[in-house]
1. Order by neighbour count: SER314, SER44, fewest other Cβ atoms within 10 Å first, most last.
2. Spelling out what I want: for every residue of the range 414-419, take phi, set θ = phi - 60°, compute 6.51 cos²θ - 1.76 cosθ + 1.60 (Karplus), and round to whole Hz; glycine and proline get x.
3. List the relative contact order of the range 409-544 as a percent without decimals, with contacts defined as Cα pairs under 8 Å and 6+ residues apart.
4. For TRP321, what residues show an amide H to amide H distance below 5 Å, using hydrogens built from the backbone and excluding near sequence neighbours?
5. Helix 31-59 sits at what angle to the longest principal axis of the chain, using alpha carbons and giving 0 to 90 degrees rounded to 10?
6. May I ask for the angle, rounded to the nearest 10°, between helix 151-172 and the longest principal axis of the chain, with both axes built from Cα atoms and the value confined to 0 to 90°?
7. Sort 392-404, 122-134 by packing, meaning the average of other beta carbons within 10 Å per residue, with the highest value first.
8. Taking every DSSP beta bridge that has both residues in the chain, what percent is antiparallel when rounded to the nearest 5?
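Derivation of every value follows stated rules applied to the coordinates shown; laboratory data play no part. Owing to the predicted nature of the structure, the values given are computational and were not obtained by experimental measurement. With ideal geometry, Cβ positions are generated from the backbone for all residues, glycine too; neighbour counts draw on all protein chains shown.
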Amino acid sequence: MTRPVQAAGHAETPTMNATGTPPAPHHEPTRTDRLLAALGGLVSAYVSLAVADLVASRVRPEASPVPAVGGAVVDRTPAAVKEWAIRAFGESDKTVLQLGIVLVLALLALAVGLLALRHRPLGTAVVAAFGLLGALAAVTRPDSDTALDAVPSLAGAAAGALLLYVLTGRLLTPRPGTARADRRGFLIVAASTGLAATGAAALGRAAGSPVQENAAASRAALRLPRPDSPAPAVPAGAQLDVPGISPFVTPNHDFYRVDTALVVPRVDADRWRLRLHGSGVRAERTLTLRELTARPTAERDITLCCVSNEVGGSLVGNARWLGVPLAPLLREAGVRPPSEGGPADQLVARSVDGMTIGTPVEAVMDGRDALLAFGMNGEPLPFAHGFPVRMLVPGLYGYVSACKWIESIELTTFDAYDAYWVPQGWAAQAPVKTQSRIDTPRPFARPAAGTVMVAGVAWAQRRGIHRVQVRIDDGPWQDARLAAEDSADTWRQWVHPWTATPGRHTLTVRATDGTGTTQPEHRTGTMPDGAQGWHSVDVTVEGA
Ligand SMILES: Nc1nc2c(c(=O)[nH]1)N[C@H]1C(S)=C(S)[C@@H](COP(=O)(O)O)O[C@H]1N2
Ligand SMILES: [Mo]
């Protein structure tokens, strides 16, 4: 490597360097050179990420540096910050995180570009170091099972480092016959590599990833079996005819999504296996999807909700799931619940991306419809919702029951093992709390005076909704009309026709569950085991 002429250097007298060629005459970098150097850092970083992404699409999309580093950041982020992110950005939280990472990288890239102008080998080495960091993040992700995952970051870093070295060289080498940097050479190299990387990335994306194509093909080929135990028909009166109310069945594309995956795992169903093992399992076994779907199947309507759902929040949905009852599968393998003397009180489900979710064995085996589900509203699970198989246990929040992309089930104890969210401060066991929500009118709506339909949904899975009441301002509680109940495991719509008078009003709702318990007034936050409290909405009724 030839030693570059120092930008702000002190080696004023030209000396022979290691290769014996005379060094180029010295010139001082101008402000424009420094600007270009920073730009060179940016272009190098961009090319580096594009190359890494292209290589990752061939190896494993999750091994791309931004999602890999993002995943490592997510896992090390304190729970309170994650809560805040979910609250502030909702389902865009992952996009925001990745944008944040790209922004930080861009700032670092500008700095590295400037550094390289002062010290070319050092600047280049910093790029290489970032590559190592990305590679380390990729291979230490829980879903990484091969050192190949380091390749995208390393390849990207190599490309980026080389480019930075070349670009900085243009700025340090005077244009022939002048004392000025070869800016034209710089711009030509920067523009052509930037364009080439963009083109390659676009081509790579258009070609698709072989890994993902197999998964998509396996999903397209999956024929859902007919349910041996069909869900009872949804009663006609379960869906109220009120504009603005949440539909009784949440369409798949509207179903909320909460998980830690920066790249949605796309599992090839043909290669998928579910391993069942652990304490009290007499016959450890591994099932293929074909073996699983060949078992007796059940179809059930189940409302799923997230522990991070605040009072009035939208992290809840209701779907018709098709799957295999989990309890008989466990019994066949020799598992008994603690109430029958079984040694394991916790079932730990692990997903292909390393998520772990701990569920009480007693709950799974107490007769409720705990499922290993592969169908959602009549189609194979969407990738974002856990294709090919996820768990569902009515009455428990998703983080303690609903493992997506499940790959193993281990029987253990709560004493012996903390699942993913538990060390972060969330409760190890978390039955769903009763919630009710006003869907319409929306907050700060301005309905006209007269009859206004106040309506929404309420849920208390396992217990069912017994009554919903609405209060206008500080008035008396009035019973809302309940839609027909589908099952105790599904949410229930309700409506209250309100004779609205002009002015500002506060509408409040509360529900009573099937055990006769009414939601408490006082609101609590979502940590550690779910929010509670009454939902209210402020509206201004327009005069006639
Ligand atoms: N593998 C995996 N499964 C997971 C999660 C996750 O992060 N990873 N999140 C859980 C949480 S917190 C919830 S609320 C539900 C959400 O399921 P959905 O995204 O299909 O609505 O999935 C659960 N299963
Ligand atoms: Mo959740």
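1. Working: SER314 16, SER44 31.
The fewest-first ordering by Cβ neighbours comes to SER314, SER44.
2. 5, 5, 7, 8, 9, 6
3. Working: 315 pairs, mean separation 41.5, N = 136.
Across the range 409-544, relative contact order equals 30 percent.
4. Under 5 Å from the amide H of TRP321 lie the amide H atoms of ARG300, ASP301, ILE302, ASN377, each far enough along the sequence or on another chain.
5. 50 degrees
6. Around 40 degrees separate the two axes.
7. Working: 392-404: 26.0, 122-134: 19.5.
Sorting 392-404, 122-134 by mean packing, highest first, produces 392-404, 122-134.
8. On the way: 68 of 74 bridges.
The antiparallel proportion sits near 90 percent.
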